[in-house]
Amino acid sequence: MSKGLISIVVPCYNEEKTINLFMTEISKIEKEMKEAFNVNFEYIFVDDGSKDTTATILKELEQKISNFNYILLSRNFGKESALYAGLKASKGDYVAVMDVDLQDPPELLKEMYTSIINEDYDCAATRRTTRKGEPIIRSICARMFYKLINKISTTEIVDGARDYRLMKRNMVDAILSVSEYNRFSKGIFSWVGFKTKWLEYVNKERAAGETKWSFWKLFIYSLDGIVAFTTAPLAISSVLGLAFCIIAFIMIIFFLVKTLMYGDPVVGFPTLIGTILLVSGVQLFCLGIHGQYIAKTYLETKNRPIYIVKEKSNKLQKD
Ligand code: UDP
Ligand code: MG
């Protein structure tokens, strides 16, 4: 009798170079875990609209491996949406989400599984302790982002946390119930709660292929995270507005008194220009913040699907 089914959910975008490397590694772990714990695996690979031969490779693997399933999305929806599609199709008692580039070491699955089984955790997640192999400027910005979001949001976002984790079914169902369009997974994983054990490991570099994240994409992603998990920027902009009103009031009194006492020679032109520029800058900045929230609200109210499936493997057809 099997002691349970572990679903391995893997989003792929232009990953023709890494899929087979990943399968070789994970198959070893599958065998070891079957022998040690008597658990079975099911694979759910989600092709996120790749432009290379990823989809063909997935179809070939499905022919060869009996517990291999694939979902092809109709275009590139982004990792977060691909993850959601994979989680939705998963049937396991435990579900692991992992990247296909072997930056998430498959051998950690054993420790994750034992943590959940023996130590009563709902989830075992991973955190990298270093950012080796990453551009320095990116590491600095990432650190700043985590500091900032944890100050202004009540949902804890752990610095260095990977998406790589093994979860119990109840946690997966909770994540699926969060069906928002603007998906910031790191926040959602934390927001749903449950008892999480953090396993640490040293950062690994990609086995092959290239990262899909440019600096600019990461920047936009971090803004999405802030907008999705805190409304603090709105409060900050109100406070800024109030502060400038107070300053303006004090300045009016000051100049009024000054004019009454000393007359009104036309001086102070640079101060005037400086003030106008500063205040209008702050206004635009605050307007921009409001715009971000309105834009996200607009997208949410459209209620568009998070992903669209083009094709999926036969075994997934029934559900
Ligand atoms: N990915 C995806 N859709 C995208 C971008 C990435 O499904 O639009 C997948 C990618 O194939 C990989 C994982 O998400 O399995 C992580 O991507 P990547 O390695 O580029 O990110 P990094 O590890 O550099 O943060
Ligand atoms: Mg990677």
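Spatially, the stretch 157-181 and the stretch 56-112 are offset by 15 Å when compared through their Cα centroids. Calculate the length of the line joining the C-alpha centroid of the stretch 241-319 to that of the stretch 4-53, in whole Å. Using only Cα atoms, the two centres lie 46 Å from each other.
Label the stretch 158-226 by shape, choosing from rounded, prolate and oblate, from the square roots a ≥ b ≥ c of the eigenvalues of the Cα gyration tensor; if a/c is under 1.5 it is rounded, and otherwise prolate applies when a/b is larger than b/c, oblate when it is not. The shape class here is oblate.
A convex hull fitted around the alpha carbon atoms of the chain yields 163 Å³ per residue.
Residues in the stretch 209-214 carry Karplus couplings, in order, of x, 10, 5, 9, 9, 7 Hz; the curve used is 6.51 cos²θ - 1.76 cosθ + 1.60 with θ = phi - 60°, and Gly or Pro positions show x. Largest first and in whole Å, the equivalent-ellipsoid semi-axes of the stretch 139-276 read 49, 19, 12, each the square root of five times a Cα gyration tensor eigenvalue. For the stretch 276-290, backbone phi angles converted through the Karplus equation (6.51, -1.76, 1.60; θ = phi - 60°) give residue-by-residue couplings of 4, 5, 4, 5, 5, x, 4, 4, 5, 4, 5, 4, x, 4, 4 Hz, Gly and Pro being listed as x. If every alpha-carbon in the stretch 1-136 counts as one equal scatterer, what log10 I(q)/I(0) does Debye give at q = 0.09, 0.12, 0.16 1/Å? Taking Cα atoms of the stretch 1-136 as identical point scatterers yields -0.27, -0.48, -0.85. For the options 227, 46, 309, a Gaussian network treatment of the chain with springs between C-alpha atoms closer than 10 Å singles out 309 as fluctuating the most. Can you tell me how the stretch 203-319 classifies by the Cα gyration tensor, rounded, prolate or oblate, using a/c under 1.5 as the rounded cut? Judged from the Cα gyration tensor, the stretch 203-319 comes out prolate (a/c at least 1.5, a/b above b/c). Once divided by 2.2 N^0.38 Å, the Cα radius of gyration of the stretch 1-79 becomes 1.15.
Annotation: amide H-H contacts under 5 Å for residue 15 (H modelled 1.01 Å from N, sequence separation of 5 or more, or interchain): 54. Using a probe of 1.4 angstrom and keeping all protein chains present, the accessible surface of the chain works out to 54 square angstrom per residue. For the listed residue pairs 51/110; 31/91; 151/302, the alpha carbons are over 25 angstrom apart in 51/110; 151/302. Under a model in which nothing but the beta-carbon of Lys, Arg (+1) and Asp, Glu (-1) is charged, the chain shows a dipole of about 260 debye around its Cα centre. Ignoring ligands, DNA and RNA, what percent of the accessible area of the stretch 44-201 is carbon or sulfur (1.4 Å)? The computed percentage sits at 52. Scattering from the stretch 115-176 was approximated by placing one identical point on each alpha carbon and applying the Debye formula without solvent; log10 I(q)/I(0) at 0.19, 0.28, 0.30 1/Å stands at -0.87, -1.15, -1.21.
When each of the peptides 76-84, 19-27 is scored by the mean number of other C-beta atoms lying within 10 Å of its residues, the order from highest to lowest reads 76-84, 19-27. Comparing 73, 223, 278 in a Gaussian network model of the chain, where Cα atoms under 10 Å apart are tied by springs, the biggest mean-square fluctuation is seen for 278. Between 175, 220, 273, find the one with the highest GNM mean-square fluctuation for the chain; connect C-alpha pairs within less than 10 Å. Looking only at 175, 220, 273, the biggest GNM fluctuation is shown by 273.
Between amide H atoms placed 1.01 Å from N, distances below 5 Å from residue 7 occur with 42, 92, 93, 94, 95, 96, all of them 5 or more places distant or on a separate chain.
The long axis of helix 136-152 is offset from the longest Cα principal axis of the chain by roughly 70 degrees.
The values are calculated or read from the model by the stated rules, or taken from the named source; none is laboratory data. What you see is a predicted model, and the numbers here were worked out from it, not measured in a lab. When we count neighbours, we look across all protein chains shown, and the Cβ atoms used for this are built from the backbone with ideal geometry, even at glycine. The protein model used for the area step is the full one, side chains on, heavy atoms only, and it has no ligands, DNA or RNA in it. Shrake-Rupley method; radii C 1.70, N 1.55, O 1.52, S 1.80 Å.
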